[in-house]
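Below is one structure, written out as structure tokens; comments come after it.
Quick note: the coordinates plus some simple rules give every number you see, no bench work behind them. Since the model is a prediction, treat every value here as computed from it, not as a measurement. Cβ: placed from backbone, ideal geometry, glycine included. Neighbour counts: every protein chain shown.
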Amino acid sequence: MDTLDAIALARAQFALNIGFHILFPSITIALSWLLLWFRLQYARSGAPHWLAAYKLWTRVFALSFAMGVVTGIVMSFQFGTNWPNYMNRVGNVAGPLLAYEVLTAFFLEATFLGVMLFGMARVPAWLHVVATALVALGTTLSAFWILALDSWMQTPTGHVMRDGKLIAGNWWAVIFNPSLPYRFCHMLVASGLTVSFLVAGLSAWRLLRAPDDAAARRTLRLAVSCAALLAPLQIFVGDQHGLNTLEHQPAKVAAIEALWHTQRGAPLVLFAVPDERTQHNDFALEVPRGASLILRHALDGELKGLDAFAPDVAPVAPVFFAFRIMVGMGVAMLALSWFGVLRLRREPPPRWLLWLFAGFTFSGWIAVLAGWVVTESGRQPWLVTGVLRTVDAAGNAAAAQLGASLTGYVVTYAIMLLAYIVVLTHLAGGGAIGATPAAVPAQPS
């Protein structure tokens, strides 16, 4: 029992770390490209509102980047403290992928971030634009390598056993494993939606304080328009990702649908309370044959239930509810963005709509975290599917040690998250968004 408790605590601690960490890359990936757009618009027009937007959101990017680096370092240490057998067993694959992320992405970001933050008045304008573009490229490359590793853990290919050790037999197959294209696109669009609602929410918060801020209205309309385009795209990408998961990880899909038994014409469960003890869904609200239609594109399509994969099945309730939170938030974001595009054509925007967008400022975080619960919990009991079980990767840390450190992480991260949100809302409410600077710095030619 103590061993199981220690493993549960180790999982909870790593889940907390990776969940807190992913909040910030989900912002920096897309925000870096939005910064490039602001910078190009300022270079083209010289309009002060584009400079103000660039400067404000550069500060947000720098803060988010720093938070991501710090939490990423903490997370990497846990490979050794909580899961030492992970690197012992699959380190010949995982280690190089993490190293590629540092060498090709993090170094690129770190090198040109200084130029982007402090070089506008010190380097030629074209070089400053290039630096901003390279930072954006670096954030996307970083996401690519991390998702390549996570996708390999979900759908491992290209590895071989040699002399009792797992190594990469084909790096192309390792990197471009079957689920990478879908996970990478899904994460990029998710980041775009997260940033769209972040920008829209903070711009709306500014307009509640200063209704005449024309630049804030401009950034609000831009962000809402981006969200209106990205939300339906995410639905399409998510559908394709789901079909890929059905092909390569059918047990995860069975947990998502709370499908206990293999059947044809499986219903789509909109809501239920899954009971793993009785293998039954209580209070179920279902669409007859809906799951088979969506996943098999046939009313009588067969879907494998959890009974086909026992005992190697994921905990159903967390995966089931997290998936519905993710989808529900996505639908809400779609509806609000489309309504917002129509309503923001008229000036001024009503205060109730501004309050609504302000309330959705961090809605992207909710969807991202729910999606990661589905992805990571749905893979259990495997750490690397079919290769390494979670229980076999755990270290020897005692439950008391893990409990104490988990408590410390919870307190520390709560304080950090509160401080981060307070800083962002202070920047917005204080007029940083859209504020026209008194003097626009000259751009060296």
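For the reader, a short list of remarks on this structure follows.
- Angle of helix 214-248 to the longest C-alpha principal axis of the chain, folded into 0 to 90 degrees and rounded to 10: 20°.
- For the chain, convex hull of alpha carbons as volume per residue, Å³: 155 Å³
- Counting other Cβ atoms within 10 Å as a rough exposure proxy, the listed residues HIS297, HIS248, HIS261 run HIS297, HIS261, HIS248 from fewest neighbours to most.
- Computed over the stretch 44-178: relative contact order in percent, which uses C-alpha pairs under 8 Å that are six or more apart: 22 percent
- Solution diffusion estimate, µm²/s, Stokes-Einstein, the stretch 1-115, Kirkwood Rh from C-alpha pairs, 20 °C, viscosity 1.002 mPa s: 129 µm²/s
- Across the stretch 144-154, computed HN-Hα scalar couplings (Karplus, 6.51 cos²θ - 1.76 cosθ + 1.60, θ = phi - 60°) run 4, 5, 5, 6, 4, 5, 5, 5, 4, 5, 7 Hz from first to last residue, x flagging Gly and Pro.
- Stokes-Einstein, applied to the Kirkwood radius of the stretch 236-389 over Cα pairs at a viscosity of 0.890 mPa s and 25 °C, places its translational diffusion at 144 µm² s⁻¹.
- Under 5 Å between amide hydrogens, built in the peptide plane, is the criterion, and for LEU383 it picks out LEU388, ARG389, THR390 among residues at least 5 positions away or on other chains.
- Per residue, the chain reaches -23500 deg cm²/dmol at 222 nm when only DSSP H runs of four or more residues are counted, each adding -39500 (n - 2.57).
- Straight-distance crosslink candidates among lysines, where the alpha carbon sits under 29 Å from LYS304 and sequence neighbours closer than 8 are dropped: LYS252
- Based on C-alpha pairs under 8 angstrom that are at least 6 apart in sequence, the chain has a relative contact order of 23 percent.
- Taking only the C-alpha atoms of the stretch 84-213, the Rg (one decimal) and the largest Cα-Cα distance, Dmax (whole number), read 19.9, 70 Å.
- Separation between Cα centres of the stretch 304-358 and the stretch 40-78, rounded to whole Å: 26 Å
- Here the contact order of the stretch 101-190, divided by its residue count and restricted to Cα pairs under 8 Å and six or more residues apart, works out to 26 percent.
- 3J(HN,Hα) along the stretch 47-54, derived from phi through the Karplus expression 6.51 cos²θ - 1.76 cosθ + 1.60 where θ = phi - 60°, amounts to 5, x, 5, 5, 5, 5, 5, 4 Hz, with x in place of Gly and Pro.
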